[in-house]
1. Taking the Cα atoms only, what angle lies between the long axis of helix 213-225 and the longest principal axis of the chain, rounded to 10 degrees?
2. Just subtract the alpha-carbon distance of residue 272 and residue 104 from 0.36 nm times their residue separation and send over the number in nm, one decimal.
3. Along the three principal axes, how long is segment 143-239 when you take its alpha carbons, biggest first, rounded to the nearest angstrom?
4. Roughly how many nanometres apart are two label points built 7 Å out from the Cα toward the Cβ at residue 188 and residue 299?
5. If you average the alpha carbon positions of segment 131-165 and of segment 258-275, how far apart do those two centres end up, in angstrom?
6. Could you tell me how many degrees, from 0 to 90 and to the nearest 10, lie between the Cα long axis of helix 187-206 and the main elongation axis, the longest principal axis, of the Cα atoms of the chain?
7. Sort 112-120, 354-362, 29-37 for me by packing, meaning the mean count of neighbouring Cβ atoms within 10 Å per residue, highest on top.
8. Determine which residues of segment 216-232 fall in the zone a paramagnetic label at residue 167 would reach in this model, i.e. backbone nitrogen under 19 Å from the point 7 Å along Cα→Cβ.
């Protein structure tokens, strides 16, 4: 096992306090700290104590570090990426492809010779990107499309002539008709529509009308940041989700979502495929987005953990990853796994033990543990553990 040195990504929407506080750095920081990446993603692989990237180490010894089962299923790469995500302002509306969509889109852009760093490039790799976010502070998010009947009521309540085409498209052809209609509007019509929606939404908030008040409050706020962006209107048709600390949400392929504010532990399939649909100044590929989007409407469930020996396990319907919250006491426990794992110490001090000796993790430090060998752990500490769904649960040490 190895302690990791990991990269902080400084995106404009990030928090200046959450990640610096976790890492024991001065807070507030001079620049936003949006994400802390822990894993082997080639864009920002964690470093081992000898200076090697974790991706290079895995590439050199995949069976030893990943285990034969994970190596056979996912190839010579760590199939998941663990992050701390901390948002003070909203991220873009976005969705991620299925594996088949990613493979086809990546192959097409490769054949067309689109450079990987081209801002109009849509598919960066041939992998899907489902993800889970476990809230460590209250988190607000847009997540999937609310029931169509509810969206129609939310739009009609604003009583705006500018919304009539959208309402008609939604009533006639559902979300598959309404969303492309909005994204394809001319800049002039977008400006007029978004301004009208924001102004009327703000009036309902000011009047303390409780129906859709959070939806309207965010629409007005988003319009201030992204004037003329159709994502403001699309947000009215999305579920508004509030997660309390300890609650999580799973986002499958095709789910349109945007984290609005808050911090969490995020684990995802190791991919960089993001198709944006609004609330952004970056490239929006309308055709690719519509191909990828899941237009199914309905409430998105909050994910609650399953209590097991030593931790709270957040189960997801993919094999690439799962997440466990492990509250360690002074009595050691052992984790038996057929796959690799990344461990983050979020509170206290964790002492990890393996056949190679012991490794102590302070708050904010993380480690990579190869597949196969049992691992003991004691605290007091709070650990977040990412591994593949092929891994087993925490269990008390045999005495």
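Any read-out appearing in this document is the output of simple, stated calculations on the displayed coordinates, not a laboratory observation. It should be emphasised that the depicted structure is a prediction, and the values quoted were computed from it without experimental measurement. Note that each Cβ is placed from the backbone with ideal geometry, even for glycine, and that neighbours are counted across all protein chains shown.
1. 90 degrees
2. Difference between extended and current length: 59.0 nm.
3. 33, 28, 25
4. Rounded to a tenth, the inter-label distance reads 4.4 nm.
5. 19 Å
6. 80 degrees
7. Ranked from most to least packed, the peptides come out as 29-37, 354-362, 112-120.
8. 216-217, 219-220, 232
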